[in-house]
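Heads up: the structure comes next, in C-alpha cells.
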Amino acid sequence: MITVSAFRWVPPFAQGLVRDLRVRWALEEAGLPYEARIIGFEDQATPGYRALQPFGQVPAYEENGLTLFESGAIVLHIAARSENLMPADAASRARAMTWVISALNTVEPPIANLAEIDLFPGDAAVKAARRPEVEQRVRLRLGEVAEVLGTRDYLEDRFTAGDLMMTTVLRNLRQTDIVASFPTLAAYQARCEARPAFTKALDAQMAVFAAA
Ligand SMILES: N[C@@H](CCC(=O)N[C@@H](CS)C(=O)NCC(=O)O)C(=O)O
C-alpha cells in the first residue's frame, strides 16, 4: 500500500495548499490507492519521521520499502506509472518532466516569496518595502506562462504532470488577485482544478483538517 504523509491540521491560510495535495492528486489521476500517514507538528523532528523525510516536511511517500520525499520527485515517480500523467512517447515525457521542474524551479520561487510576505509573520515595514518588487517578479513569470499557453488548454497538447504541478503552484497565489488578472491562466487553473482527481485529492486533504 502507498502511504503519503499529511498534516493533521494547519492554519486556514494553508489548508488546501499543503504539498501532499500534489501527491494525492497524482495518485488519483493514476488510479493508485493510498493511505494518508497523518502527522502533527510534534512528529516533524522525530527520528522516525526524519528517516522518511530528512527535513521533517510533508509530504513523505512510502511504498513497499521505498521511501521518497520532495513533492516533485514523488509526482514524477507516480507519473512514470500512468499515461494519465505522462504520455507514452519519450519526447513528450521529457517535455512533461520539463514542465514539472519549471513549475517548481522557475515559477514557484517568486510565488513562494510573495506568499511568505503576505501570509507569514514578519516586520510590516520590511514587507511593505519588498512586496512591489516581488509581485512584479511573479507577474513577469505568470505573463510568460500565459504566453506559452496561448490559446491551448494545457502546457503541452494534453494534460500532464506538468499541468498538475503548475496548477498547485498557481494556487499559492490565492490570497491575491494576480492570477485573475491573467484570464488565460485563471481559465487554465480552473480547467485543471475541474478534474475529478483534483477534487478528490482536495477533499481528502480538507477532511483531515475538518476532523481535527
Ligand atoms: N520542497 C519540498 C517542500 C515541502 C514543504 O515545504 N512542505 C511544507 C508543507 S507544504 C512543510 O512541511 N512545512 C513545514 C516545515 O517546513 O517545517 C517539497 O516540495 O516536498
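The values are calculated or read from the model by the stated rules, or taken from the named source; none is laboratory data. Model, not experiment: these values are computed from the prediction. Please note: Cβ atoms are built from the backbone with ideal geometry, for glycine as well, and neighbour counts cover all protein chains shown. Only protein heavy atoms, including side chains, enter the accessible area calculation; ligands, DNA and RNA are left aside. Shrake-Rupley method; radii C 1.70, N 1.55, O 1.52, S 1.80 Å.
I'd like the full set of residues that are under 18 Å from the mean Cα position of the chain (by Cα) and not in a helix (DSSP H, G or I), limited to segment 138-173.
Y154, L155, F159, T160 - these are the residues of segment 138-173 that are under 18 Å from the mean Cα position of the chain (by Cα) and not in a helix (DSSP H, G or I).
What pairs can you find where one residue is in segment 3-22 and more than 14 Å from L170 (Cα to Cα), the other is at pLDDT below 95 and basic (K, R), and their Cβ atoms are less than 9 Å apart, with a gap of 6+ or different chains?
Once the first residue is more than 14 Å from L170 (Cα to Cα) and sits in segment 3-22, no partner that is at pLDDT below 95 and basic (K, R) comes close enough.
Could you tell me whether any residue of segment 151-161 is surrounded by 14 or more Cβ atoms within 10 Å (Cβ to Cβ) and more than 24 Å from A201 (Cβ to Cβ)?
no
I need the full set of residues from segment 109-133 which are more than 23 Å from the chain's Cα centre (by Cα) and open to solvent by 50 Å² or more (accessible area, probe 1.4 Å), in order please.
Matches in segment 109-133: G122, D123, A124, A125, V126, A128, A129, R130, P132, E133.
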